[in-house]
Amino acid sequence: MARKSLITGSLALLLFVPQAWASESVQEQRHDLMETAKDAAKAIGGMLKGEQPFDAAVAMESFSTWENVAAKAGDLFPEGSETGYDTEAKETIWTDREGFDVELETFSMAVTNAAMAAPQNVEELKAAAGPVFDACKSCHEGYRVEDQN
Amino acid sequence: MGRSIKWLLAGGLVLAFVFWPLTQPVYLSLADLPDHRADPVNGEQIFIAGGCTSCHGDRLEGGQELKSDFGTFFVPNISPDPDTGIGDWSDLDLVNAMMLGSSPGGLHYYPSFPYTSYTRMKVQDIIDLKAWLDTLEPVDNPVKPHDLGFPWSVRRAVGLWKMLYLEQGPVVPGTGSDPVYERGRYLVEGAGHCGECHTPRGILGGLQDARWLAGGPNPDGEGSVPNITSHKNGLGSWSEADIAYYLESGFTPDFDTVGGSMVKVQEHIAQLPESDRKAIAAYLKSIPALP
């Protein structure tokens, strides 16, 4: 009996999950994706600032999160998603798609390089993560609007 | 910018003429300069801290438009070109421009050139800065005159304004004994001119020292500039390490990125030594916390 409900339960979940994905707007998805980029950056920043001890595995985990961001972000800014869900996406993404793609490519390369460097101490981590951080900043400068604090 | 202000200004203008001798630009003379051998290496640090390129352009070529309530300023060429830049200036000319807002031709500069902060710099540092500027490439680029409405177009009236707002002393009186704090103060109140954006202005455009670094409306239009005192509305939850790291990397403690007009400032401060960023952080954490 217990097993049966477990099975129906997971079946229901299987059915439910794709639907949950489908009902989430791209604006929401890219927001959530960027939040993962942020959390990954936080983990690395904590080590760079000396708040957390260096941990090579944590660094690699952040790199792999960023690889996921780099792989997915390109598809999450389709025409028609310029507004909605309090998006901070700037209209330049759609008026200058090429520039945006270059930013994304630069980011993606920086992440790949960082992962290949596989840093073993804080100094190496700083050198590896630096270009990634620069890529986050650079893309935001051109393609994200300021939040008006 | 209502009618009352126009009247206030017209009044100010009358006063400016009444007090003609008082509104005369003030100058230092050669005898006031210290005996100092210029050091362009230090000059480059001062140049970076002062963020001159933020307004004058990467090659100091000028020509950028600065829009304000008073009209449009066209930022001058300060590259060492003798005809269209400041190539023929002496050390003394630069000291008078940056510390007293007075031009070699006997006129007042407008405070859109942030000499209200630079006035707190050391004369030696400005002489070093001049030596650094002289090593840069001259750019031949004539810049048109400012486009300002009356009465702002009358430079003489700036003399009165300066009497009210040009002060050389430290903004936050305090512990002259701690060299780290003093270095931070020098960078924030002087060369770094942080107050020019982070301190709200009164109706005549002067900084309100009582609200020092407490944030306010953005002078270039949209949104606001954050409070950077250690109040909870400001940097209360930031550690000194957080502040230094933000200035180095452009990431807040929450790992959001720096934006807006702060980007250039951050990129400049990132080029200074780590000890300077720590000094700025120590200063910001020590000054009065304002809501």
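Taking 7 Å steps out from each Cα toward its Cβ at B:Lys232 and B:Asp88 produces label points 6.1 nm apart. Okay, which of the stretch B:141-159 sit inside 19 Å, backbone N to the point 7 Å along the Cα-Cβ direction of B:Trp20? Counting only backbone N, you get B:154-159.
Counting only protein heavy atoms and a probe of 1.4 Å, the accessible surface of the protein assembly as shown is 58% carbon and sulfur. When peptides B:103-109, A:67-73 are sorted by average Cβ neighbour count within 10 Å, with the highest value leading, the order is A:67-73, B:103-109. With a cut-off of 11 Å between beta carbons, the residues surrounding A:Ala43 carry a summed charge of -2, where Lys and Arg count +1 and Asp and Glu -1.
Taking Cα centre as origin and charging only the Cβ of basic (Lys, Arg, +1) and acidic (Asp, Glu, -1) residues, the dipole magnitude of the stretch B:37-165 rounds to 680 debye.
A probe of 1.4 angstrom, applied to the heavy atoms of all protein chains, finds B:Leu60 with accessible area near 0 square angstrom.
Taking a ≥ b ≥ c as the square roots of the eigenvalues of the Cα gyration tensor of the stretch B:184-248, is the shape rounded (a/c under 1.5), prolate (a/b larger than b/c) or oblate? The shape class here is prolate. When peptides A:37-48, B:61-72 are ranked by their average number of other Cβ atoms within 10 Å per residue, the highest-first order is A:37-48, B:61-72. Take every pair of alpha-carbon atoms less than 8 Å apart whose residues are at least six positions apart; their mean separation over the length of the stretch B:179-286 yields a relative contact order of 29 percent.
What the Cβ-Cβ distance of B:Asp147 and B:Val180 gives, at R0 = 56 Å and to the nearest 0.05, is a FRET efficiency of 0.80.
Near B:Tyr245, within a Cβ-to-Cβ distance under 9 Å, what is the net charge of the other residues, with Lys and Arg +1 and Asp and Glu -1? Combined, the nearby Lys, Arg, Asp and Glu give 0.
Take the accessible area of chain A alone and of chain B alone, subtract that of the pair, and you get about 1600 Å² summed over both chains, using a 1.4 Å probe. Counting Lys and Arg as +1 and Asp and Glu as -1 over every other residue whose Cβ lies under 14 Å from the Cβ of B:Pro170, the net charge comes to -1. Expressed in Å, the radius of gyration and Dmax of the Cα atoms of the protein assembly as shown are 25.9, 100. Remark on the stretch B:200-291: Rg and Dmax equal 13.3, 38 Å (Cα only).
Remark on the stretch A:25-143: hydrodynamic radius 14.8 angstrom, per the Kirkwood mean of 1/r across alpha carbon pairs.
Can you pull the mean other chain C-beta count within 10 Å for peptide B:232-242?
1
Rounded to 0.05, the FRET efficiency of the A:Asp55 and B:Ala241 pair, given R0 = 22 Å and the Cβ-Cβ distance, is 0.70.
Accessible-area loss of 30 Å² or more (1.4 Å probe, protein heavy atoms, chain alone versus all protein chains) is found in the stretch A:27-52 for A:Lys38, A:Lys42, A:Lys49. Counting 0.36 nm for each residue step from B:Ser224 to B:Ser275 and taking away their Cα separation leaves a gain of 15.5 nm. Residue-normalised convex hull volume from the C-alpha trace of the stretch B:37-165: 103 Å³ per residue.
In this structure chain B gives 48 Å² per residue of accessible area when probed at 1.4 Å with all protein chains present. Inter-chain Cβ neighbour count for B:247-255, averaged per residue, equals 6 (cutoff 10 Å, partner chain atoms only). Per-residue packing, averaged as other Cβ atoms within 10 Å, sorts the ranges B:77-88, A:81-92, B:191-202 into the order B:191-202, B:77-88, A:81-92, beginning with the highest.
Efficiency by 1/(1 + (r/R0)^6): what FRET value for B:Asp140 and B:Lys67, r their Cβ-Cβ distance, R0 = 25 Å, to the nearest 0.05? Computed FRET efficiency for B:Asp140 and B:Lys67 comes out at 0.45.
The values are calculated or read from the model by the stated rules, or taken from the named source; none is laboratory data. Remember, it's a predicted structure, so these values are computed and weren't measured experimentally. Glycine also receives a Cβ, built like all others from the backbone with ideal geometry; neighbour counts cover every protein chain displayed. To get the accessible areas, we keep the full protein, side chains included, count just its heavy atoms, and leave off ligands, DNA and RNA. Shrake-Rupley method; radii C 1.70, N 1.55, O 1.52, S 1.80 Å.
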